[in-house]
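Okay, structure first, notes after.
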Amino acid sequence: MTAPPDDCLARNEWICGEYLSTRRQIILDAVVQHFQLTAVSVLIGLLIALPLAVLARRWGLAAGPVLAVTTILYTIPSLAMFSLLLPVYGLSAALVVAGLVLYSLTVLVRNILAGLRAVPEETRQAARGMGYGPIRLLLTVELPLAVPAAMAGLRIATVSAVALLTVGAIVGFGGLGNLIYAGMNTYFKAQVLTASVLCVVIAVLADLLLLGVQRLITPWTRAARG
(Lines give C-alpha, C1' and ligand atoms only; values in the text may rest on other atoms or scores of the structure.)
Protein backbone atom coordinates (compact mmCIF):
# COMPACT_ATOMS: atom_id res chain seq x y z
CA MET A 1 0.00 0.00 0.00
CA THR A 2 1.39 3.39 -1.03
CA ALA A 3 1.85 5.91 1.78
CA PRO A 4 0.04 9.24 1.38
CA PRO A 5 2.12 12.32 0.47
CA ASP A 6 3.62 14.02 3.51
CA ASP A 7 2.84 17.65 2.60
CA CYS A 8 -0.36 19.52 1.82
CA LEU A 9 0.85 20.64 -1.63
CA ALA A 10 1.33 17.07 -2.76
CA ARG A 11 -2.07 16.16 -1.31
CA ASN A 12 -3.58 19.21 -3.08
CA GLU A 13 -5.46 20.40 -0.02
CA TRP A 14 -7.62 23.53 0.01
CA ILE A 15 -5.89 24.97 3.07
CA CYS A 16 -2.13 24.72 2.80
CA GLY A 17 0.44 26.77 4.69
CA GLU A 18 3.17 25.36 2.47
CA TYR A 19 1.59 27.11 -0.49
CA LEU A 20 1.81 30.47 1.27
CA SER A 21 5.45 30.00 2.20
CA THR A 22 6.67 28.72 -1.17
CA ARG A 23 4.65 31.11 -3.37
CA ARG A 24 4.99 34.24 -1.25
CA GLN A 25 6.46 36.44 -3.99
CA ILE A 26 3.95 35.28 -6.60
CA ILE A 27 1.08 36.06 -4.25
CA LEU A 28 2.56 39.45 -3.33
CA ASP A 29 2.98 40.42 -6.99
CA ALA A 30 -0.63 39.47 -7.70
CA VAL A 31 -1.88 41.48 -4.71
CA VAL A 32 0.14 44.55 -5.76
CA GLN A 33 -1.20 44.34 -9.32
CA HIS A 34 -4.75 43.97 -7.97
CA PHE A 35 -4.35 47.07 -5.81
CA GLN A 36 -2.76 49.12 -8.58
CA LEU A 37 -5.26 48.32 -11.33
CA THR A 38 -8.21 48.78 -8.98
CA ALA A 39 -6.96 52.14 -7.69
CA VAL A 40 -6.15 53.49 -11.16
CA SER A 41 -9.51 52.36 -12.56
CA VAL A 42 -11.59 53.88 -9.77
CA LEU A 43 -9.60 57.13 -9.79
CA ILE A 44 -10.01 57.59 -13.54
CA GLY A 45 -13.69 56.69 -13.23
CA LEU A 46 -14.13 59.33 -10.52
CA LEU A 47 -12.38 61.98 -12.62
CA ILE A 48 -14.75 61.26 -15.50
CA ALA A 49 -17.91 60.81 -13.42
CA LEU A 50 -17.57 64.08 -11.50
CA PRO A 51 -17.86 66.45 -14.50
CA LEU A 52 -20.59 64.26 -16.01
CA ALA A 53 -22.62 64.49 -12.82
CA VAL A 54 -22.08 68.25 -12.60
CA LEU A 55 -23.14 68.58 -16.24
CA ALA A 56 -26.28 66.56 -15.58
CA ARG A 57 -27.07 68.71 -12.54
CA ARG A 58 -26.53 72.03 -14.26
CA TRP A 59 -28.38 71.16 -17.46
CA GLY A 60 -31.38 68.97 -16.75
CA LEU A 61 -31.69 67.85 -20.39
CA ALA A 62 -28.27 66.22 -20.16
CA ALA A 63 -29.21 64.05 -17.16
CA GLY A 64 -31.28 61.58 -19.16
CA PRO A 65 -28.67 60.83 -21.84
CA VAL A 66 -25.79 60.68 -19.34
CA LEU A 67 -27.60 58.23 -17.06
CA ALA A 68 -28.86 56.19 -20.00
CA VAL A 69 -25.40 55.77 -21.56
CA THR A 70 -23.72 54.84 -18.29
CA THR A 71 -26.49 52.36 -17.49
CA ILE A 72 -26.19 50.72 -20.91
CA LEU A 73 -22.44 50.36 -20.41
CA TYR A 74 -23.06 48.61 -17.09
CA THR A 75 -25.33 46.04 -18.71
CA ILE A 76 -22.63 44.82 -21.11
CA PRO A 77 -21.17 41.48 -19.90
CA SER A 78 -17.54 41.77 -18.83
CA LEU A 79 -16.18 39.36 -21.45
CA ALA A 80 -18.06 41.21 -24.18
CA MET A 81 -16.80 44.55 -22.87
CA PHE A 82 -13.18 43.42 -22.98
CA SER A 83 -13.72 42.00 -26.48
CA LEU A 84 -15.13 45.32 -27.70
CA LEU A 85 -12.19 47.22 -26.23
CA LEU A 86 -9.59 44.76 -27.50
CA PRO A 87 -9.07 46.41 -30.94
CA VAL A 88 -8.36 49.73 -29.19
CA TYR A 89 -6.12 48.67 -26.30
CA GLY A 90 -4.84 45.24 -27.30
CA LEU A 91 -3.84 42.66 -24.71
CA SER A 92 -2.69 45.12 -22.07
CA ALA A 93 -3.44 46.41 -18.59
CA ALA A 94 -5.06 49.43 -20.24
CA LEU A 95 -7.74 47.12 -21.64
CA VAL A 96 -8.73 46.00 -18.15
CA VAL A 97 -8.53 49.51 -16.72
CA ALA A 98 -10.73 50.92 -19.49
CA GLY A 99 -13.35 48.25 -18.89
CA LEU A 100 -13.42 48.85 -15.15
CA VAL A 101 -13.64 52.62 -15.68
CA LEU A 102 -16.70 52.22 -17.89
CA TYR A 103 -18.37 49.92 -15.36
CA SER A 104 -17.71 52.34 -12.50
CA LEU A 105 -19.40 55.27 -14.23
CA THR A 106 -22.94 54.06 -13.58
CA VAL A 107 -22.56 53.97 -9.81
CA LEU A 108 -20.35 57.04 -9.53
CA VAL A 109 -22.38 59.34 -11.77
CA ARG A 110 -25.69 58.35 -10.15
CA ASN A 111 -24.44 58.82 -6.60
CA ILE A 112 -22.64 62.10 -7.23
CA LEU A 113 -25.70 63.43 -9.05
CA ALA A 114 -27.96 62.28 -6.21
CA GLY A 115 -25.72 64.08 -3.74
CA LEU A 116 -25.78 67.31 -5.74
CA ARG A 117 -29.55 67.16 -6.10
CA ALA A 118 -29.93 66.63 -2.36
CA VAL A 119 -28.34 69.98 -1.52
CA PRO A 120 -31.19 72.14 -0.13
CA GLU A 121 -32.24 74.93 -2.45
CA GLU A 122 -32.30 77.40 0.45
CA THR A 123 -28.61 76.63 1.02
CA ARG A 124 -27.85 77.49 -2.58
CA GLN A 125 -29.90 80.68 -2.36
CA ALA A 126 -28.13 81.72 0.84
CA ALA A 127 -24.74 81.20 -0.80
CA ARG A 128 -25.79 83.21 -3.85
CA GLY A 129 -27.00 85.96 -1.55
CA MET A 130 -23.51 86.07 -0.03
CA GLY A 131 -22.05 86.66 -3.48
CA TYR A 132 -21.03 83.12 -4.38
CA GLY A 133 -20.61 82.57 -8.11
CA PRO A 134 -21.41 79.24 -9.81
CA ILE A 135 -17.89 77.80 -9.48
CA ARG A 136 -17.41 78.89 -5.88
CA LEU A 137 -20.88 77.61 -5.04
CA LEU A 138 -20.06 74.23 -6.55
CA LEU A 139 -16.65 73.87 -4.92
CA THR A 140 -17.40 75.19 -1.44
CA VAL A 141 -21.08 74.34 -0.93
CA GLU A 142 -22.54 71.75 -3.29
CA LEU A 143 -19.67 69.28 -3.59
CA PRO A 144 -18.88 69.17 0.15
CA LEU A 145 -22.54 68.49 0.93
CA ALA A 146 -22.64 65.82 -1.78
CA VAL A 147 -19.62 63.98 -0.34
CA PRO A 148 -21.57 61.38 1.70
CA ALA A 149 -23.57 60.22 -1.33
CA ALA A 150 -20.49 60.39 -3.58
CA MET A 151 -18.41 58.37 -1.12
CA ALA A 152 -21.13 55.74 -0.91
CA GLY A 153 -20.92 55.38 -4.68
CA LEU A 154 -17.13 55.32 -4.55
CA ARG A 155 -17.19 52.49 -2.03
CA ILE A 156 -19.55 50.44 -4.19
CA ALA A 157 -17.52 51.14 -7.32
CA THR A 158 -14.28 50.15 -5.58
CA VAL A 159 -15.61 46.86 -4.23
CA SER A 160 -17.10 46.08 -7.64
CA ALA A 161 -13.78 46.84 -9.33
CA VAL A 162 -11.94 44.49 -6.97
CA ALA A 163 -14.30 41.70 -8.02
CA LEU A 164 -14.48 42.50 -11.74
CA LEU A 165 -10.70 42.82 -12.04
CA THR A 166 -10.38 39.05 -11.68
CA VAL A 167 -11.98 38.70 -15.13
CA GLY A 168 -8.91 40.47 -16.51
CA ALA A 169 -7.10 37.16 -16.07
CA ILE A 170 -8.28 36.25 -19.58
CA VAL A 171 -5.78 38.80 -20.93
CA GLY A 172 -3.15 38.22 -18.25
CA PHE A 173 -3.89 41.33 -16.17
CA GLY A 174 -6.28 40.14 -13.51
CA GLY A 175 -4.20 40.50 -10.36
CA LEU A 176 -5.32 37.71 -8.07
CA GLY A 177 -7.63 36.61 -10.87
CA ASN A 178 -4.55 35.30 -12.67
CA LEU A 179 -3.92 32.91 -9.80
CA ILE A 180 -7.59 31.89 -9.62
CA TYR A 181 -7.71 31.27 -13.38
CA ALA A 182 -4.49 29.26 -13.40
CA GLY A 183 -5.51 27.35 -10.32
CA MET A 184 -8.88 26.40 -11.78
CA ASN A 185 -7.23 25.16 -14.98
CA THR A 186 -4.92 22.87 -13.00
CA TYR A 187 -7.31 22.20 -10.13
CA PHE A 188 -4.79 23.69 -7.70
CA LYS A 189 -7.05 23.97 -4.66
CA ALA A 190 -4.79 25.98 -2.35
CA GLN A 191 -4.12 28.60 -5.02
CA VAL A 192 -7.79 29.04 -5.91
CA LEU A 193 -8.85 29.38 -2.28
CA THR A 194 -5.99 31.64 -1.24
CA ALA A 195 -6.46 34.05 -4.15
CA SER A 196 -10.23 34.11 -3.64
CA VAL A 197 -9.91 34.87 0.07
CA LEU A 198 -7.38 37.62 -0.64
CA CYS A 199 -9.83 39.22 -3.09
CA VAL A 200 -12.43 39.35 -0.34
CA VAL A 201 -9.88 40.77 2.10
CA ILE A 202 -8.86 43.50 -0.35
CA ALA A 203 -12.50 44.43 -0.96
CA VAL A 204 -13.24 44.65 2.76
CA LEU A 205 -10.08 46.65 3.52
CA ALA A 206 -10.75 49.06 0.66
CA ASP A 207 -14.32 49.60 1.85
CA LEU A 208 -13.21 50.22 5.43
CA LEU A 209 -10.49 52.61 4.25
CA LEU A 210 -12.95 54.65 2.21
CA LEU A 211 -15.43 54.63 5.08
CA GLY A 212 -12.72 56.02 7.34
CA VAL A 213 -11.86 58.71 4.79
CA GLN A 214 -15.54 59.61 4.50
CA ARG A 215 -15.89 60.06 8.25
CA LEU A 216 -12.69 62.08 8.35
CA ILE A 217 -13.76 64.57 5.67
CA THR A 218 -17.40 64.83 6.75
CA PRO A 219 -17.27 65.56 10.49
CA TRP A 220 -20.66 67.26 10.35
CA THR A 221 -22.39 63.95 9.65
CA ARG A 222 -21.04 62.55 12.93
CA ALA A 223 -22.23 65.63 14.77
CA ALA A 224 -25.69 65.29 13.21
CA ARG A 225 -25.94 61.64 14.31
CA GLY A 226 -24.73 62.53 17.77
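Structure notes:
- Between the range 114-180 and the range 14-70, the alpha-carbon center distance in angstrom: 12 Å
- The Stokes-Einstein estimate for the chain, based on a Kirkwood radius over Cα pairs and taken at 20 °C with 1.002 mPa s viscosity, is a diffusion coefficient of 108 µm²/s.
- Checking every one of the chymotrypsin sites (Phe, Trp or Tyr not before Pro) in the range 93-198 against DSSP loop status and a limit of 12 other Cβ atoms within 10 Å picks out 187.
- Dimensionless Rg ratio for the range 137-210, taking C-alpha atoms and the 2.2 N^0.38 Å reference: 1.49
- With the convex hull of its Cα atoms as the shape, the range 1-123 has an orientation-averaged projected area of 12.7 nm².
- Cysteines in the chain that, by Cβ-Cβ distance, have no pairing candidate under 4.7 Å: 199
- Ranking 14, 59 from most to least accessible surface, computed with a 1.4 Å probe over the protein chains only, gives 59, 14.
- Remark: the residue 187-residue 139 segment gains 12.0 nm on full extension, using 0.36 nm per residue and subtracting the alpha carbon distance.
- Cβ-Cβ FRET estimate between residue 68 and residue 132, R0 fixed at 22 Å, reported to 0.05: 0.10
- At an R0 of 25 angstrom, the distance between the Cβ atoms of residue 14 and residue 88 translates into a FRET efficiency of 0.05.
- Among residues other than residue 134 with Cβ under 13 Å from its Cβ, the summed charge is +4 (Lys and Arg +1, Asp and Glu -1).
- Per residue, the average separation of C-alpha pairs within less than 8 Å and at least 6 apart gives the chain a relative contact order of 26 percent.
- Neighbourhood charge, 15 Å Cβ-Cβ cut-off, centred on residue 32 and excluding it, Lys, Arg +1 and Asp, Glu -1: +1
- Highest-MSF residue in the chain out of 46, 164, 28 [GNM, Cα springs under 10 Å]: 28
- Ellipsoid fit via the Cα gyration tensor, the range 70-126: semi-axes of 35, 11, 6 Å, each the root of five times an eigenvalue, largest first.
- The range 170-187 - phi-based ³J(HN,Hα) in whole Hz, Karplus 6.51/-1.76/1.60, Gly and Pro as x: 5, 10, x, 10, x, x, 5, x, 4, 5, 5, 4, 5, x, 5, 5, 10, 6
- For the range 46-111, the relative contact order works out to 46 percent when only alpha carbon pairs closer than 8 Å and six or more residues apart are counted.
- In plain terms, the bigger the Kirkwood radius, the slower the diffusion; for the range 95-226, with that radius from Cα pairs, at 25 °C and 0.890 mPa s, Stokes-Einstein puts D at 143 µm²/s.
The values are calculated or read from the model by the stated rules, or taken from the named source; none is laboratory data. This is a predicted model, so every value here is computed, not measured. Glycine also receives a Cβ, built like all others from the backbone with ideal geometry; neighbour counts cover every protein chain displayed. Ligands, DNA and RNA are excluded from the accessible area calculation, which covers all protein heavy atoms including side chains. Shrake-Rupley method; radii C 1.70, N 1.55, O 1.52, S 1.80 Å.
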